[in-house]
Structure formats: structure tokens, C-alpha cells
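Reviewing the structure listed below.
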Amino acid sequence: MNTLLNSAQQAQVDQFRSFARQHLTSVSEKLVSREACLKEFLQKLGQQGYLGLHVAKEYGGSGGTLLDVVLLVEALAEMEPGLGLTIGNHVAVIETIQKFGTEQQKSKYLPLLARGEQFATLAFSEESAGTDFQAVQATVRGASDLTLTASKRWVVTGDFAGLFLVLAKSEENKLVMVLVDRAADGAAFELLKDHKLMGLSSAYVNDVEFTDLPVNATNKIVGDGAEVALFAMDVAKVVLASAAIGLIDGAKGQAVGHAREREQFGTTIGQFQGVQWKLADLECDRVGARLLVQRAAWSLHGEPGLFRQYASMCKFFAARAARLHSGEALQIMGAAGLEANSLTARFYNDAKMMEVAEGTSEFQKMLLVKELNI
């Protein structure tokens, strides 16, 4: 018996998988190689209503929750896990605006983001500042008329995102968050390096520079900058964790198919206990990780006081499971999986990236210890 999803949600999962088969099967590899346009695929998701699954109805969304998003991303990630990184940033900005934004910010940006007419991303990291937010050197000066100067690194979809949630320090040396609208402020925006990553390669990751950028004071996010940033990362890591489940699904399909067909010593390799036990371990961790990810997504609204704890646990557990079992799937594939362009090899590289992106596994443990009040 399904312990979490009701019949309507299960029907939604079937719908997401059908969409992925129809629209992603033929372009997943092209998204990785950049032969297909990522922005166009994301726009297709927006037109389908999938980018607004968790946006309140009064702002043009479906009125769902983060759980709906993770079900979507898991279905997509079975073919292309890198979409979890891209969608995770977009979703994190939406949830941040919904939780901390003013009515003006919500009415202005949420409908655009829900329809995929504008894409959003996080701009937190710098050369010497990752999860150590206090090391951020970006500055916001002024009161009513703000001026932003920042050199941000590892910005997902930096080349085409229209809305950036930027972490900076005020003149009082306090962490603050501001929304930078590319359409309004593009004149002072500079796109720098396009990072070529070992995995999650469909995601565009850039360095961006904001130099004396005028920012309307109405685009400042109310609240402590560090807390807002942690919340945004919590959301992004849950979405990426759901992509890890999709990755395990994809690796499982590759490994099981090969185990059924590959013959050695007079039988298929799936008859060997060593292979069987690898797949049994995979299945246990896959189901356990999925339940933990769905529990984390539900807790955003169902039990918000525990959201950070569950977000860190699901990211740590799902990313580790993805790395372990994509490696075991590669082992089962043998030489067939060692080709540089093999899907199993790509999954393995993607999985390792997941242990680093949106906060390393070590950082998740630090947060867990803090939440456990040890």
C-alpha cells in the first residue's frame, strides 16, 4: 500500500511520466550536449503548467505544494537528472517569494515564474563564500535607492535567468537578500564564465557580475538574509534530492535490463547472487530515499518546524544512495557501461555532483547536528 500518495497524486505521477516519455526521451542527450535548447524545454514545462504546480492560484499557479514538484522532477530526472538542479533553483526562488515576499513582489513575479515567461535562480556563492554566508563580499548600499555590487559564482541558468535572488551585505554588515530583475537592470549586468561540469551537464552554470547596479528598494526581501538563504537552499536541496531518486530509477532500469540479457558462463548475469544483491540493496535504498524526500517536501507546509531537518536528511541520504547505486549499476553493466557517452556513466557523474551541489553532504550533517540540538 502506498503510505503517502493518494490516488489523485498517483495519477499525477503517471501524467508526469507520460510527459517525460513524450517530450524528453528524444532530447535528453541533446540537452546534455547543448544541441537542444534548455530554455525552450523549460518554457514547455511552463506552458504545461508544471512550473506553477506549487504557486498559489491567486498568482496563476495550480495551488499545489512542493510535493507536486518533487513528483515531477523525479519523473524527469529518470532521463535527465540535471533538470533537478535547474528546476530546483527556480522553485527555491518561488517558495522564497511566497514565504518572505511582499504582496507587490508576489503579484509582479509569481505569475511570470509560474508560466515560464521568466526563470529564476539563486546567486549566493562567491569566490571565497559558499555555504559560509558570512564570508560574502557582495554589498548593497543605500536605503530607498539601493546599489548592488557583487561577483557571484556558480549561478545556475545565469545566462538566461530573468530573476536573481542575490545574497549580499548591507552597510551595517548584515546579510540581506534582494531580487534583481534582469529586464529592468540588465545594463549593469555582466555574464562571465560558463562552467563545464563533470555532471548535471544540462544545467547552465555561470559566473555573473553586478557592478553598481541600481535595485529598487521594493525588491528587497524582508527578513534576516541568512535565514532566507538557508530556507531557499532547503527547498533547492529537496528538489535536487528528488532528482537523485529519478537518477536511481534510471540506473536501475539500465542495470536490470543488462542483467536480464547479458550471458556469461552459460546463464544471464542476473542469476548470479552478487548481481542480485546489488539490485536488492538498490531497491531498498531507492524506496527509502523516495519516502524521505516526499516526507521532506510534505513538511514544508505540513510540519514547517522540521522542514530543515528533513531537507538535510533527504539530500544527504538520496545523494549518497544515487552515487553508490549508480556505481553499482555501472559495475553490473561492466564494459558496456564504460563508454564515455553511456547513460550509466553519465548517471554516475551526475550522482557525484549531487553530493556537492546545493550544499555538500558534510554541510547537511552540520545542519542536522544543529537541528538536533546536540
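Among the numbered criteria (1) free of Cβ contacts under 8 Å to residues at least 40 places away in the same chain; (2) closer than 25 Å to Asp212 by Cα; (3) in the same structural domain as Arg17 (by TED's automatic domain parsing), which single criterion is violated by Tyr109?
(1)
Is it true that some residue in the stretch 119-129 is aromatic (Phe, Trp, Tyr) and modelled with pLDDT under 95? Working first, answer last.
Residues of the stretch 119-129 aromatic (Phe, Trp, Tyr): 119, 124.
Then keep just the ones that are modelled with pLDDT under 95; that gives none.
No: zero hits.
Name the single residue, out of those in the stretch 81-95 being small (Gly, Ala, Ser) and over 19 Å from Glu29 (Cβ atoms), that is surrounded by the fewest Cβ atoms within 10 Å (Cβ to Cβ).
Step one: list which residues in the stretch 81-95 are small (Gly, Ala, Ser), which gives 82, 84, 88, 92.
Keeping just the survivors that are over 19 Å from Glu29 (Cβ atoms) gives 88, 92.
Details: Gly88: 29, Ala92: 27.
In this case the residue turns out to be Ala92.
Mind checking which residues of the stretch 148-176 are in a strand (DSSP E or B) and under 20 Å from the mean Cα position of the chain (by Cα)? Explain how you work it out, then say what you get.
Initial filter on the stretch 148-176 (in a strand (DSSP E or B)): 148-156, 163-169, 175-176.
Once the filter is applied, which keeps residues that are in a strand (DSSP E or B) and under 20 Å from the mean Cα position of the chain (by Cα), the stretch 148-176 yields Lys152, Arg153, Trp154, Val155, Val156, Leu163, Phe164, Leu165, Val166, Leu167.
Can you name every residue in the stretch 236-261 that is of a type in the set (A, V, I, L, M, F, W, C), in contact with an Asp or Glu (Cβ under 7 Å, 6 or more places away or on another chain) and either surrounded by fewer than 24 Cβ atoms within 10 Å (Cβ to Cβ) or at positive phi (or both)?
Matches in the stretch 236-261: none.
Restricting the stretch 220-234 to residues that are over 13 Å from Ser170 (Cα atoms) and charged (D, E, K, R), which is surrounded by the fewest Cβ atoms within 10 Å (Cβ to Cβ)?
Top of the filtered list is Glu227.
Return yes or no: is Thr157 in contact (Cβ under 8 Å) with a residue 40 or more places away in the chain, at positive phi and of a type in the set (Val, Ile, Thr)?
Values: in contact (Cβ under 8 Å) with a residue 40 or more places away in the chain: yes; at positive phi: yes; of a type in the set (Val, Ile, Thr): yes.
Spelling it out, Thr157 is indeed in contact (Cβ under 8 Å) with a residue 40 or more places away in the chain, at positive phi and of a type in the set (Val, Ile, Thr).
List the helices (runs of 4 or more DSSP H) inside the stretch 279-374, counting only whole elements, that have at least 2 residues being at pLDDT 95 or above and crowded, with 16+ Cβ neighbours inside 10 Å. Outline the logic, then answer.
Numbers: elements: 307-333, 343-354, 361-371.
Of the helices (runs of 4 or more DSSP H) lying wholly inside the stretch 279-374, those with at least 2 residues that are at pLDDT 95 or above and crowded, with 16+ Cβ neighbours inside 10 Å span 307-333, 343-354.
Kindly list, by first and then second residue, each pair from a residue in the stretch 1-28 that is over 15 Å from Gly49 (Cα atoms) to a residue that is modelled with pLDDT of 95 or more and of a type in the set (Phe, Trp, Tyr), limited to pairs with Cβ atoms under 7 Å and residues at least 6 apart or on different chains.
Val27/Phe41
Can Asp212 be described as surrounded by 18 or more Cβ atoms within 10 Å (Cβ to Cβ), under 25 Å from Thr139 (Cα atoms), acidic (Asp, Glu) and over 16 Å from the mean Cα position of the chain (by Cα)?
Details: surrounded by 18 or more Cβ atoms within 10 Å (Cβ to Cβ): no; under 25 Å from Thr139 (Cα atoms): yes; acidic (Asp, Glu): yes; over 16 Å from the mean Cα position of the chain (by Cα): yes.
Answer is no for this residue.
The values are calculated or read from the model by the stated rules, or taken from the named source; none is laboratory data. Remember, predicted model here, so these are calculated numbers, not experimental data. Every residue, glycine as well, gets a Cβ built from its backbone with ideal geometry; the counts of neighbours run over all protein chains shown.
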